[in-house]
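Undergrad: Sharing a structure below in structure tokens format, with a few things to ask.
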Amino acid sequence: MATGFYSHADCLLHDMGQWHPECPARLQAIEDQLIASRIDSLIERESPPLAEDTALLRVHTQAHVDYVRSRSPVEGLAEIDPDTSMNPHTLQAALRAAGAAVAATDAVIEGRYDNAFCSVRPPGHHAEPARAMGFCFFNNVAIAARHALEVHGMQRVAIIDFDVHHGNGTEAAFSGDSRVLMCSIFQHPFYPFSGADNQAPNMCNVPMPARSKGMAVREAVDMMWLPRLHEFKPEMIFISAGFDAHREDDLGNMGLVEDDYAWITDQVREIAKRYARGRIVSCLEGGYNLSALGRSVVAHVRSLAGI
């Protein structure tokens, strides 16, 4: 079996302005690096459906879903917060991104793929059950994890988040839910200024100071994440794969490189092989230096595919 790769042209149409770092060129940079690395032929491409409201409502409130729909403009941009706007194509892109995460979850659980990567945008991990923020509208990983729990009957799922920003939306969705273990590293103090204090028992958040490099992050994973993951024995693992902790990414101030992302993915893959039949679904979150993003995703996908 292979690694599934989920993406869609709709995700290129969401555009918040030429100045905005969360831009369509991010997905194009990933495509370019996949071709240059010659692993494009070793992954199986899938075109995802739009997420249905039933999937969204496992995480988000009806009021939130209605609000995002109501803000969708006929032309121009509709501002959600100072960093987050919708153009006429944003709603379709956001539904496609969430739909990719759900479809990848189905495919991996059904055994069509060992694991999957969703090269989609807008990202999701800042989207709270009742609030869009931080470039995010619907929480793709949370929606997929809840789908695994409530549709497929999983008893324990783990969520790994290595974005430079804390996944406040994912934590809000699952805080106190004993079926979910969330393990994250993130720069702190830093946007959204959450995750470090008052953690629920099912959260393993590891705040990292600015300028932390790969060895410090690897030590945190080894000392903090892995014991919790071994104890938890997840039946499936979801990854919020943000690559903005890369040393070349100006939106953060950390020092990871491609080898660090490959190493983290290798550790997660070993956990998945031991307890979860190898089942992993990874969804793109941050990563704004286009070259570093493309190279890091290739390293991540190489590790997922075992090549």
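The values are calculated or read from the model by the stated rules, or taken from the named source; none is laboratory data. Predicted, not measured: the structure shown is a model, and the values here were computed from it. Here the Cβ positions follow ideal geometry from the backbone for every residue, glycine too, while neighbour counts run over all protein chains shown.
Undergrad: Looking at region 189-200, which of its residues are touching a strand residue (DSSP E or B) at 6+ places or on another chain (Cβ under 7 Å) and either within 17 Å of Met223 (Cβ to Cβ) or surrounded by fewer than 21 Cβ atoms within 10 Å (Cβ to Cβ) (or both)?
TA: Once the filter is applied, which keeps residues that are touching a strand residue (DSSP E or B) at 6+ places or on another chain (Cβ under 7 Å) and either within 17 Å of Met223 (Cβ to Cβ) or surrounded by fewer than 21 Cβ atoms within 10 Å (Cβ to Cβ) (or both), region 189-200 yields Ala196, Gln199.
Undergrad: Against the condition more than 18 Å from the chain's Cα centre (by Cα), at negative phi and surrounded by fewer than 23 Cβ atoms within 10 Å (Cβ to Cβ), how does Asp266 come out, does it pass?
TA: Taking the combined requirement at face value, the residue does not satisfy it.
Undergrad: Does region 165-181 contain any residue that is in contact with a strand residue (DSSP E or B) (Cβ under 9 Å, 6 or more places away or on another chain), small (Gly, Ala, Ser), surrounded by 18 or more Cβ atoms within 10 Å (Cβ to Cβ) and in a loop (DSSP other than H, G, I, E, B)?
TA: For region 165-181, residues in contact with a strand residue (DSSP E or B) (Cβ under 9 Å, 6 or more places away or on another chain), small (Gly, Ala, Ser), surrounded by 18 or more Cβ atoms within 10 Å (Cβ to Cβ) and in a loop (DSSP other than H, G, I, E, B): present.
Undergrad: Further, regarding this structure: Counting just the residues of region 1-13 that are part of a helix (DSSP H, G or I) and closer than 19 Å to Phe243 by Cα, which one comes out nearest to the chain's Cα centre (by Cα)?
TA: Cys11
Undergrad: Filtering region 201-221 down to residues that are loosely packed, with under 15 Cβ neighbours inside 10 Å and free of Cβ contacts under 8 Å to residues at least 40 places away in the same chain, which residue is nearest to Gln267 (Cα to Cα)?
TA: Residue satisfying both the conditions and the ranking: Glu219.
Undergrad: Any residue in region 231-242 that's in contact (Cβ under 8 Å) with a residue 60 or more places away in the chain: show its pairings with residues that are buried (at least 24 other Cβ atoms within 10 Å of the Cβ) and among the hydroxyl-bearing types (Ser, Thr, Tyr) at Cβ separation under 7 Å, as long as the two are six or more apart or on different chains.
TA: Close Cβ pairs (under 7 Å, with a partner that is buried (at least 24 other Cβ atoms within 10 Å of the Cβ) and among the hydroxyl-bearing types (Ser, Thr, Tyr)) amount to Ile239/Ser282; Ser240/Thr170; Ala241/Ser282.
Undergrad: Pairs, please: C-beta under 9 Å, at least 6 apart or cross-chain, first residue buried (at least 23 other Cβ atoms within 10 Å of the Cβ) and in region 1-26, second among the β-branched types (Val, Ile, Thr) and assigned to a helix (DSSP H, G or I)?
TA: From residues that are buried (at least 23 other Cβ atoms within 10 Å of the Cβ), the pairs are Thr3/Val301; Gly4/Val108; Phe5/Val301; Ser7/Ile30; His14/Thr90.
Undergrad: Just checking, how many residues over region 227-244 are surrounded by fewer than 24 Cβ atoms within 10 Å (Cβ to Cβ) and either at pLDDT below 95 or among the charged types (D, E, K, R) (or both)?
TA: Count: 4.
Undergrad: So, in region 253-307, exactly how many residues are acidic (Asp, Glu) and within 20 Å of Asp114 (Cα to Cα)?
TA: 2
Undergrad: Just checking, how many residues over region 14-47 are touching a strand residue (DSSP E or B) at 6+ places or on another chain (Cβ under 9 Å), part of a helix (DSSP H, G or I) and over 16 Å from Arg295 (Cα atoms)?
TA: So the count comes out to 1.
Undergrad: Tell me, yes or no, whether region 82-93 has at least one residue that is surrounded by 23 or more Cβ atoms within 10 Å (Cβ to Cβ) and touching a Ser or Thr at 6+ places or on another chain (Cβ under 7 Å).
TA: Looking for residues that are surrounded by 23 or more Cβ atoms within 10 Å (Cβ to Cβ) and touching a Ser or Thr at 6+ places or on another chain (Cβ under 7 Å), one finds at least one in region 82-93, hence yes.
Undergrad: Take the residues of region 63-114 that are of a type in the set (Ser, Thr, Tyr) and outside any loop (DSSP other than H, G, I, E, B): which is farthest from Val141 (Cα to Cα)?
TA: Going through the qualifying residues, I end up with Ser70.
Undergrad: Looking at Gly278, Gly255, can you tell me which residue is modelled with pLDDT of 95 or more, surrounded by fewer than 24 Cβ atoms within 10 Å (Cβ to Cβ) and at positive phi?
TA: Gly278
Undergrad: Please name all residue pairs, on different chains or six or more residues apart, with Cβ atoms under 9 Å, provided the first residue is in region 178-200 and is more than 14 Å from Gly242 (Cβ to Cβ) and the second residue is part of a loop (DSSP other than H, G, I, E, B) and charged (D, E, K, R).
TA: Close Cβ pairs (under 9 Å, with a partner that is part of a loop (DSSP other than H, G, I, E, B) and charged (D, E, K, R)) amount to Ser178/Arg156; Arg179/Arg156; Val180/Arg156; Leu181/Arg156; Ala200/Asp177.
Undergrad: Does Val257 satisfy the criteria of being of a type in the set (Val, Ile, Thr) and under 15 Å from the mean Cα position of the chain (by Cα)?
TA: So Val257 does not fit the description; no.
Undergrad: Across region 53-75, what is the number of residues that are within 19 Å of the chain's Cα centre (by Cα) and either touching a residue at least 12 places away in the same chain (Cβ under 8 Å) or crowded, with 17+ Cβ neighbours inside 10 Å (or both)?
TA: 5
Undergrad: So, in region 245-291, exactly how many residues are in a loop (DSSP other than H, G, I, E, B) and of a type in the set (Val, Ile, Thr)?
TA: The qualifying residues number 1.
Undergrad: Also, I was wondering about something else. Kindly list, by first and then second residue, each pair from a residue in region 276-292 that is closer than 18 Å to Gly153 by Cβ to a residue that is at pLDDT 95 or above and among the aromatic types (Phe, Trp, Tyr), limited to pairs with Cβ atoms under 6 Å and residues at least 6 apart or on different chains.
TA: Val281/Phe238
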